[in-house]
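Report on the following structure.
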Amino acid sequence: MRFAGRIGAWALLAALSGCTLLVQGTSQSVSFTSEPTGASFTVAGQTAVTPVTLDLPKDDHRILFRLDGYEDAHYELRRGVSNWFIGSCVMGVIAATIDFATGAYKEFETTDVRVTLQALPDTVQTLPVSITSQPPGADIFIGGNSYGVTPKDLRLPWQPKEREKALSLRLQGYAPKPVALLRTEKQITVALEALPVPVTVKFSSKPPSAELRIDGRLQGKTPLPVDLVWKTGDKPRLAEWSFEGYKPEKREITRDTKDLTVDLQEIVEEIVLPLKIEPAGAKVVVDGVALADGQKQVKLAWSISKTKHTVVLSQPGYKSKTVEVKRTEAAGPLEVRLTPALPGNQ
């Protein structure tokens with residue numbers, strides 16, 4: 001009941017006071033902006049400078065905007081009939097009469113007034129521009145003059161017939177970037193390109209004198225320094241060491257690589273050497289290691305540093321014999337006949 005009573009009271013108030021007057025009143029807020037800013041104007045007895053928001057009576061207004069160096073700009077702020085006035089008419093003659101009498105039935109066609117001023121001939125115009133770079137921190141030069149570092153908000157003077165300015169951004173480690181800054185641009189972002197970075201890498205190997213290749217191109221023999229140039233986004237490069245008798249080695253290198261050494265591993269080849277020893281049952285010792293009795297073959301390892309093996313054969317009643325097996329004899333067989341020992345000379 002209380003709620004229904006409040007609704008009825010509001011309806012009665014609107015009917016007696018005027019619906020539009022109650023909701024909107026006899027004045028309205030209007031915002032004023034100009035390009036460029038700082039234009040002065042007078043409306044409804046109020047003098048102001050753009051940008052600004054004013055509360056104005058709901059009448060037609062002819063407004064003149066002025067700014068030194070620019071042509072005067074005229075604007076017609078017109079009123080129309082508020083939709084709320086229709087509600088007043090529905091609620092009754094009293095409400096509609098009150099709205100009409102107070103002027104509350106009116107509203108502005110727009111509450112956002114924007115004007116663009118035209119520069120006078122021979123007038124220097126100052127316009128805003130925001131300059132940024134990737135990466136930031138670049139020095140800004142316009143027409144040879146320094147304007148700080150990016151990012152930067154500037155207001156630049158423009159001659160009447162000037163359409164663009166020579167903009168240059170400079171940052172250590174990046175290529176200078178010249179750009180044409182157009183008069184109409186409010187914001188400009190410039191991507192800087194990193195300069196190639198020279199890096200000297202020291203390559204070595206154990207043992208030395210290995211051939212070095214980078215991405216397949218022969219550089220020389222280790223140890224040696226190599227000058228490399230890296231650009232932004234370059235992928236790692238492949239360094240390869242090769243040396244006869246040794247396993248090749250590969251390593252990835254990046255722009256952070258300064259010194260790189262590899263230990264080369266010998267290539268080891270194992271070959272079975274058949275043994276034909278007489279008399280049978282002779283004791284066989286290879287490189288100081290005795291073979292099992294009756295063993296008729298031995299596996300020998302060969303490499304760049306291991307080019308021979310020593311075989312010692314002995315048998316009671318026979319002269320001992322030492323045989324040096326060379327790489328060229330690796331496939332054998334090794335045939336040895338022990339000679340009987342004379343008494344007292346075994």
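The values are calculated or read from the model by the stated rules, or taken from the named source; none is laboratory data. All values reported here derive from a predicted model rather than from experimental measurement. Heads up, the Cβs are rebuilt from the backbone with ideal geometry, glycines too, and the neighbour counts pull from every protein chain shown.
Are any of the residues in segment 233-242 closer than 25 Å to Glu35 by Cβ and either polar (S, T, N, Q) or outside the structural domain of Asp68 (by TED's automatic domain parsing) (or both)? Full working, then the answer.
Step one: list which residues in segment 233-242 are closer than 25 Å to Glu35 by Cβ, which gives none.
Checked against the condition, which is being closer than 25 Å to Glu35 by Cβ and either polar (S, T, N, Q) or outside the structural domain of Asp68 (by TED's automatic domain parsing) (or both), segment 233-242 yields no hits at all.
If only one of Thr322, Thr328, Thr339, Thr307 is in contact with a helix residue (DSSP H, G or I) (Cβ under 9 Å, 6 or more places away or on another chain) and either at pLDDT below 95 or not charged (D, E, K, R) (or both), which one is it?
Only one candidate passes the filter, namely Thr307.
Going by what's in this entry, would Ile131 be described as closer than 23 Å to Glu185 by Cβ, touching a Gly at 6+ places or on another chain (Cβ under 8 Å), at pLDDT 85 or above and not assigned by TED's automatic domain parsing to the domain that holds Ser27?
No.
Given segment 121-190, what strands (runs of 3 or more DSSP E) lie entirely inside it while holding 3 or more residues that are over 25 Å from Thr232 (Cβ atoms) and polar (S, T, N, Q)?
Result: 125-134.
Determine, yes or no, whether Thr261 is part of a loop (DSSP other than H, G, I, E, B) and closer than 30 Å to Gly173 by Cα.
no
Would you say Val197 is in contact with a Phe, Trp or Tyr (Cβ under 8 Å, 6 or more places away or on another chain) and at pLDDT 95 or above?
Numbers: in contact with a Phe, Trp or Tyr (Cβ under 8 Å, 6 or more places away or on another chain): yes; at pLDDT 95 or above: no.
Considered against the rule, which asks whether it is in contact with a Phe, Trp or Tyr (Cβ under 8 Å, 6 or more places away or on another chain) and at pLDDT 95 or above, Val197 comes out as no.
Could you tell me which numbered condition Ile271 fails, if it satisfies all but one of (1) modelled with pLDDT of 95 or more; (2) farther than 30 Å from Ala138 by Cβ; (3) among the aliphatic types (A, V, I, L, M)?
Of (1) modelled with pLDDT of 95 or more; (2) farther than 30 Å from Ala138 by Cβ; (3) among the aliphatic types (A, V, I, L, M), only one is false for Ile271: (1).
Do we find a residue being among the charged types (D, E, K, R) and either over 23 Å from Leu224 (Cβ atoms) or not assigned by TED's automatic domain parsing to the domain that holds Gly220 (or both) anywhere in segment 252-259? Please lay out each step first, then the result.
Going through segment 252-259, the residues among the charged types (D, E, K, R) turn out to be 252, 255-256, 258-259.
If we keep only those that are either over 23 Å from Leu224 (Cβ atoms) or not assigned by TED's automatic domain parsing to the domain that holds Gly220 (or both) too, we end up with none.
For segment 252-259, residues among the charged types (D, E, K, R) and either over 23 Å from Leu224 (Cβ atoms) or not assigned by TED's automatic domain parsing to the domain that holds Gly220 (or both): absent.
Just for segment 288-320: of the residues that are polar (S, T, N, Q) and part of a strand (DSSP E or B), which one is farthest from Pro343 (Cα to Cα)?
Out of the qualifying residues, it is Gln297.
Within segment 321-340, can one find any residue that is outside the structural domain of Arg213 (by TED's automatic domain parsing), assigned to a loop (DSSP other than H, G, I, E, B) and touching a Gly at 6+ places or on another chain (Cβ under 8 Å)?
No, that holds for no residue.
When you check Gly317 against the structure, is it in contact with a Pro (Cβ under 7 Å, 6 or more places away or on another chain), loosely packed, with under 11 Cβ neighbours inside 10 Å, more than 30 Å from Val197 (Cα to Cα) and not assigned by TED's automatic domain parsing to the domain that holds Lys231, yes or no?
Yes, satisfied.
What residue, among those in segment 163-174 that are more than 22 Å from Asp256 (Cβ to Cβ) and surrounded by fewer than 16 Cβ atoms within 10 Å (Cβ to Cβ), is nearest to the chain's Cα centre (by Cα)?
Ala166
Tally time: how many residues in segment 215-226 are assigned to a strand (DSSP E or B) and closer than 18 Å to Thr261 by Cβ? Break it down into steps so the answer makes sense when it comes.
Taking segment 215-226 and keeping what is assigned to a strand (DSSP E or B), we get 217-221, 224-226.
Then keep just the ones that are closer than 18 Å to Thr261 by Cβ; that gives 219-221, 224-226.
So the count comes out to 6.
Can you tell me which residues in segment 215-271 are among the hydrophobic types (A, V, I, L, M, F, W, C), within 28 Å of the chain's Cα centre (by Cα) and surrounded by 15 or more Cβ atoms within 10 Å (Cβ to Cβ)?
Leu228, Trp230, Ala239, Ile253, listed by residue number.
For residues that are within 52 Å of the chain's Cα centre (by Cα) and in contact (Cβ under 8 Å) with a residue 40 or more places away in the chain, scanning just segment 51-68, find the one that is farthest from Thr126 (Cα to Cα).
Ile63
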